[in-house]
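**Student:** Below is one structure. I have some questions about it.
The values are calculated or read from the model by the stated rules, or taken from the named source; none is laboratory data. The structure displayed is predicted, hence computed values, not measured ones. Here the Cβ positions follow ideal geometry from the backbone for every residue, glycine too, while neighbour counts run over all protein chains shown.
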Amino acid sequence: MPKVTSPLTGVRVLDLTNVLAGPYCCYHLGLLGAEVIKVERPGTGDLARVLGSDPDRNAAGMGISFLAQNAGKKSITLDLKAEKGKALLKRLVRQADVLVENFRPGVMDRLGVGYEALKNENPNLIYGAISGFGQTGPRRDDPAYDQIVQGMSGVMSITGAPDTAPYRVGYPLADTVGGLTAAFAIASALNARPRGAFLDVSMTEAVISTMGWVVSNYLIGGATPAAHGNENTTSAPSGTFQTADKPINIAANRDEQWQALTRHLSRDDLLENPDYATREDRKRNRHALREELERTLRTRPASDWVRELNALSVPTGPVFSVPDALADTQLASRGLIGSLPMGDEELKLVGSPIVADGTRPMPRSAPPELGADNKTIWSEIGLSEPEIVALSKEGVI
């Protein structure tokens, strides 16, 4: 039996995806033990190969955007528009458990290699289709990148302060949430007997699903969601506060935490103020309350307050930059960031957020060069070396 850290050992995934949502999905399947074969367009491959902050890597077809979520995978090339290419995909599918694609809805069907066609080759195939809006509905054919989905899901309308919203979340939220949702769906489908399913994952719906309280406050409570900056709308004082040097987050959501906070700040007067007597009072007067608390918080540095308030069980934390977060001793102690040899360098990558039986799954090999595994994979399905050479010259692989 596979260890809990590699529960997908023995599962073969065909990754036909590009850029982020699909590659991120398949990256996590690979971290959990699946064999992931990245099927790329001959000559160019995944668009992410030319994306990222390092122009030299982009020119070499190994852009940082590609490196981030393709370690541990194998790469083959295949032209799905060529009849021979379609036939080869069908042969691959016969030996696969999962296929993941993030083309626009209908593209694979028009090519003749959609789910119905591939199901004939392998009735147990789990077919994951990731798209912006889903495989049905009036917007199914609309193009959808992360920015578009952030806007149409409502996320941007509640991000930022009242005078700055709508604001985009500072990383590709919709792509990553969509990818994780697809990975969860595929892992679940692999547990079904008999296997075989068409999984329709909408990035928009995945994002809206994660907005649980915000959506439910509107659906059930009739409260229209709005942007509140760094304030936690469910409680007060709960948000971001300025200290003598840096901002900190404080979440005094329970009455005992509120009392411990005010007493530690020597602000017992706030406990006696009727404007702050109850949770609802504090929420209603949150901005005035923040100003009162900051009068004291600004007298000392963030590190002092974080240490002292946490010792009193008042949840408090620094506001880190990304480099600060990655350098924090907590992350270092748990080994989230690993490294792999890639050529002459050690490539640093983020591993799985899961720690199972004390072990964190990490990628087992560096991101592949385009077509690096053509000879191995095509030989496995029965192609001879002369056939592989001929198909390469024709541009099929």
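**Student:** Yes or no: residue 225 in the same structural domain as residue 126 (by TED's automatic domain parsing) and either free of Cβ contacts under 8 Å to residues at least 40 places away in the same chain or part of a loop (DSSP other than H, G, I, E, B) (or both)?
**Tutor:** no
**Student:** Test of understanding: among 224, 240, 210, 181, which residue is within 26 Å of the chain's Cα centre (by Cα), over 26 Å from residue 7 (Cβ atoms) and hydroxyl-bearing (Ser, Thr, Tyr)?
**Tutor:** 240
**Student:** Identify all residues within segment 114-157 that are at pLDDT 95 or above, among the hydrophobic types (A, V, I, L, M, F, W, C) and either surrounded by fewer than 17 Cβ atoms within 10 Å (Cβ to Cβ) or assigned to a loop (DSSP other than H, G, I, E, B) (or both); write none if there are none.
**Tutor:** Within segment 114-157, 117, 125, 133, 148, 155 meet the criteria.
**Student:** Working only within segment 158-192, note down all residues that are among the aliphatic types (A, V, I, L, M) and exposed (fewer than 14 other Cβ atoms within 10 Å of the Cβ).
**Tutor:** Across segment 158-192, the qualifying residues are 161, 192.
**Student:** May I ask you to verify whether residue 180 is in contact (Cβ under 8 Å) with a residue 24 or more places away in the chain and assigned to a helix (DSSP H, G or I)?
**Tutor:** Considered against the rule, which asks whether it is in contact (Cβ under 8 Å) with a residue 24 or more places away in the chain and assigned to a helix (DSSP H, G or I), residue 180 comes out as yes.
**Student:** Could you check, for segment 191-203, whether at least one of its residues is outside any helix (DSSP H, G or I) and on the phi > 0 side of the Ramachandran plot?
**Tutor:** yes
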